[in-house]
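Accompanying notes for the structure given below.
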Amino acid sequence: MKAMSRPVVAALIAGSLAMSGCAYNSSSADVYTASQAQREETVRMGTVDSVRAVKISSNNGQPSGLGAIGGGALGAVAGSSIGGGRGSIVTGIIGGLAGAVAGNSIENGVAVRNGVEITVRLDNGDMRAITQSATGEFFRAGDRVRLLSSGGVTRVTH
């Protein structure tokens with residue numbers, strides 16, 4: 001048990017790093033960064049034309065690799081504990097490969113969240129489409145909404 005403690009600790013550290021690599025980068029209309037707070041925003045009024053459910057990938061479909069590394073380390077430790085001698089080496093390699101694939105898949109899954117694409121007809125007749133994270137705020141065609149814009153970021157709120 002004592003011989004496995006270092007690999008287990010290393011695997012736990014790698015797993016923790018993998019999960020911290022999936023930090024939540026919000027595109028919610030309810031979340032402002034510190035640099036966005038206390039800044040003037042342009043407000044335009046409009047009417048929702050349509051709403052469509054979408055998925056938002058916070059990693060742009062490109063995993064950081066930490067999920068694969070963490071999963072590979074955990075899989076290698078788990079696999080190497082099976083069998084003895086050369087058998088534990090082979091199962092460690094197989095476990096590491098399987099863990100890397102699973103860790104990569106988990107990282108990609110964690111990076112995807114639900115969003116909405118809201119198409120708004122502004123009062124001046126222009127159409128705008130804004131995509132943001134789905135929150136507790138629901139939008140329906142015909143709703144009067146505000147478009148809050150500042151620094152290239154636009155949010156739709158009631």
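The values are calculated or read from the model by the stated rules, or taken from the named source; none is laboratory data. What you see is a predicted model; the values in this text were computed from it and never measured. Every residue, glycine among them, receives a Cβ derived from its backbone with ideal geometry; neighbour counts consider all protein chains shown.
Here are the numbers:
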quantity	calculated
Any chance ILE94 is surrounded by 11 or more Cβ atoms within 10 Å (Cβ to Cβ), at pLDDT 60 or above, among the aliphatic types (A, V, I, L, M) and over 27 Å from the mean Cα position of the chain (by Cα)	yes
Subset of region 130-145 (residues that are part of a strand (DSSP E or B) and crowded, with 16+ Cβ neighbours inside 10 Å)	ILE130, GLN132, SER133, VAL145
